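Take a look at the structure set out below.
The values are calculated or read from the model by the stated rules, or taken from the named source; none is laboratory data. In this text, all values refer to a predicted model and were calculated from it rather than measured experimentally. All Cβ positions, even for glycine, are placed from backbone atoms using ideal geometry, and neighbour counts span all protein chains on display. Please note that ligands, DNA and RNA were not included when accessible areas were found on the heavy atoms of the full protein model with its side chains. Shrake-Rupley method; radii C 1.70, N 1.55, O 1.52, S 1.80 Å.
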Amino acid sequence: MNNRDIHAAWKYHDGTKHSYWSIRNNPHFLDWANRPLPFKIYPQIESVPLPRDVSQTGVAALSAISEPAPTPRADSLPDLQDLARILYFSAGVTRQRTYPGGEIYFRAAACTGALYEIELYVVTGDLPGLDAGVYHFNPADVSLGLLRKGDFRNNLAQAAAMEPAVAHASATIICTGTYWRNAWKYQARTYRHFGWDSGTLLANMLAVSAASGLRAEIVLGFVDAQVNRLLDLNTRREVSLCLVPIGHTSESSPEPKEIPALGLETIPLSQHEVEYPAMLEMHDASSLESEEEVAQWREKNRILPSSASAGELLPLQPLPEEEQPTDTIEQVILRRGSTRTFDRTASITLAQLSTIFDRATRGLAADFLRPPGTQLNDLYLIVHSVQGLKPGAYFFRREGNTLELLKEGKFRSEAYHLGLEQELPADACVAIFFLADLNRILELHGNRGYRALQLEAGAIGGRMYLAAYAQHLGATGLTFFDDDVTDFFSPHAKGKNAIFLLAIGKPLKRKPQ
Ligand SMILES: Cc1cc2nc3c(=O)[nH]c(=O)nc-3n(C[C@H](O)[C@H](O)[C@H](O)COP(=O)(O)O)c2cc1C
């Protein structure tokens, strides 16, 4: 079994680290004439338009992002409005801007380079307003393209080794990653971005599903080849990353069906594509090959407690429930957009920071995080200007919702360096670094643990984005010099690896021209 040979994940991770020298010596340049299309277009399939005027849920964003998955009810069946809401607020086009390189269609969730390499598909039984089928979501015209007619939910349930959430779902959304669309800019590092960018999108998807009263969770245990075949993917270009079962039905779906190859035409993304073998190898090595392997993999879940504390502990103090902003999840998603310049003179309050941590880290509903509440990533902070906190480096202890002071000091220039010499993490009020004990995670979950770790980081990061914007703050994801991050937080972080970075602060208000 490939998944247990964890040299593969180490090879990929070490081989795609950024360092001061790797960035300067990389001759890669952006070939604008060969820029990939931002959408997957099937020119010859039947498509079902989705309603654009869907009713809003009215649920406060801060509640929606921290809602545990509702317990299954026999009647939690999404209708076409629910499905349209969930798809649009996860991956729909929310803004459009013209740049010298062309038009950019910004989407509901943050994505590295605005390249939007994550596609969504839906495998559904009959729903009010939609016939059973396998569909592709096209955000360009807000429609579902029909790939296969009929109920294929049991094919998916089998691929997921009869995972109950998938076996009883009314519909399951599948996230895939398209290598070239992101690798055009980021080369082999794109495989990390698959996790980050599907994660931010999943934060929205879980929140909007919860706000719609529908059960949803992330399922990473499935036989890759079976799901890829169901979607008829060319796996050198695009691969399935995770399943999100939505709703619950006690009725059993029909027996699995034959799934012949479809060979559907799609519009080429670019004149020519470059393949990065390191990513294909990483994906192969983290693939699960049989239902038995999926079932065994799922049983491996266990708690990973964080290390004992040594420093001063400061309790987080979230805003009391009645004082929390009540802007709805839809308003906040539409308002969100990564901050391009932070106001270096601004500060946020400890209550605002605490609310972000409290809401974003209550635990994701995911098959790789059991018992519920388990978390793979550890969170470290560089605090520049948070009222009530000394500037310095901190470690977040989830168990007691406290911050442990690691070292006091003003670290704006260090944050500038760690965040790939960008002003954003230096000018923000706080930079949050995600690190993980990669060895332990790989030993537990095999190479699949690498996918889980990156995706979890993206999903927590996505929740932090939403929690910041719900409080009218700004945020941006960032990339980083891997080993320098570990060195900065050591000795506490010794042996851990840097996974993700997010900066939070107040956007600089531009003076009117
Ligand atoms: C994981 C992640 C890493 C990112 N890294 C950077 C970065 O290093 N520098 C930067 O300026 N923006 C970065 N961004 C912001 C993206 O460029 C931004 O999300 C994208 O352009 C889409 O715009 P929007 O977030 O405003 O919708 C990152 C975003 C994510 C999700």
Seminar exercise, completed: Expected single match for open to solvent by 60 Å² or more (accessible area, probe 1.4 Å) and over 30 Å from Gln56 (Cβ atoms) among Glu251, Glu281, Glu238, Glu323 is Glu281
Exercise. Counting only residues that are of a type in the set (A, V, I, L, M, F, W, C) and in contact with a Cys (Cβ under 7 Å, 6 or more places away or on another chain), which one in the range 341-355 is surrounded by the most Cβ atoms within 10 Å (Cβ to Cβ)?
Worked result: Ile348
Seminar exercise, completed: Note: among Asp367, Asp378, Asp358, just one is open to solvent by less than 10 Å² (accessible area, probe 1.4 Å), within 30 Å of Ile86 (Cα to Cα) and within 19 Å of the chain's Cα centre (by Cα), namely Asp367
Exercise. Which residues, taken from the range 463-513, are touching a helix residue (DSSP H, G or I) at 6+ places or on another chain (Cβ under 9 Å), over 18 Å from Leu62 (Cα atoms) and assigned to a helix (DSSP H, G or I)?
Worked result: Asp482, Asp484, Val485, Phe488
Exercise. When residues of the range 466-482 are filtered for being open to solvent by less than 10 Å² (accessible area, probe 1.4 Å) and either within 13 Å of the ligand (Cβ to nearest atom) or of a type outside the set (A, V, I, L, M, F, W, C) (or both), how many remain?
Worked result: 8
For this session: State whether one or more residues within the range 19-38 are in contact with a Phe, Trp or Tyr (Cβ under 8 Å, 6 or more places away or on another chain), part of a loop (DSSP other than H, G, I, E, B) and among the basic types (Lys, Arg).
Result: yes
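Yes or no, residue by residue, for (1) at pLDDT 95 or above; (2) under 23 Å from the mean Cα position of the chain (by Cα):
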{"residue": "His7", "(1), (2)": "yes, no"}
{"residue": "Thr16", "(1), (2)": "yes, yes"}
{"residue": "Tyr20", "(1), (2)": "no, no"}
{"residue": "Phe39", "(1), (2)": "yes, yes"}
{"residue": "Ser66", "(1), (2)": "no, yes"}
{"residue": "Pro72", "(1), (2)": "no, no"}
{"residue": "Ala91", "(1), (2)": "yes, yes"}
Exercise. Can His193 be described as of a type outside the set (Asp, Glu) and more than 16 Å from the ligand (Cβ to nearest atom)?
Worked result: no
Exercise. So which helices (runs of 4 or more DSSP H) stay within the range 153-225 end to end and still have 3 or more residues that are of a type in the set (Phe, Trp, Tyr) and either surrounded by fewer than 24 Cβ atoms within 10 Å (Cβ to Cβ) or modelled with pLDDT of 95 or more (or both)?
Worked result: 179-186, 190-211
Exercise. Are any residues in the range 14-33 touching a helix residue (DSSP H, G or I) at 6+ places or on another chain (Cβ under 7 Å) and open to solvent by less than 60 Å² (accessible area, probe 1.4 Å), and if so, which ones?
Worked result: Thr16, Lys17, His18, Ser19, Leu30
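Here's the yes/no breakdown for (1) away from the ligand (no atom under 16 Å from the Cβ); (2) acidic (Asp, Glu); (3) part of a strand (DSSP E or B):
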site: Ile86; (1), (2), (3): yes, no, no
site: Phe89; (1), (2), (3): no, no, no
site: Gln96; (1), (2), (3): no, no, yes
site: Ile104; (1), (2), (3): no, no, yes
site: Tyr116; (1), (2), (3): no, no, no
site: Glu119; (1), (2), (3): yes, yes, yes
site: Val123; (1), (2), (3): yes, no, yes
site: Tyr135; (1), (2), (3): yes, no, yes
site: Ala140; (1), (2), (3): yes, no, no
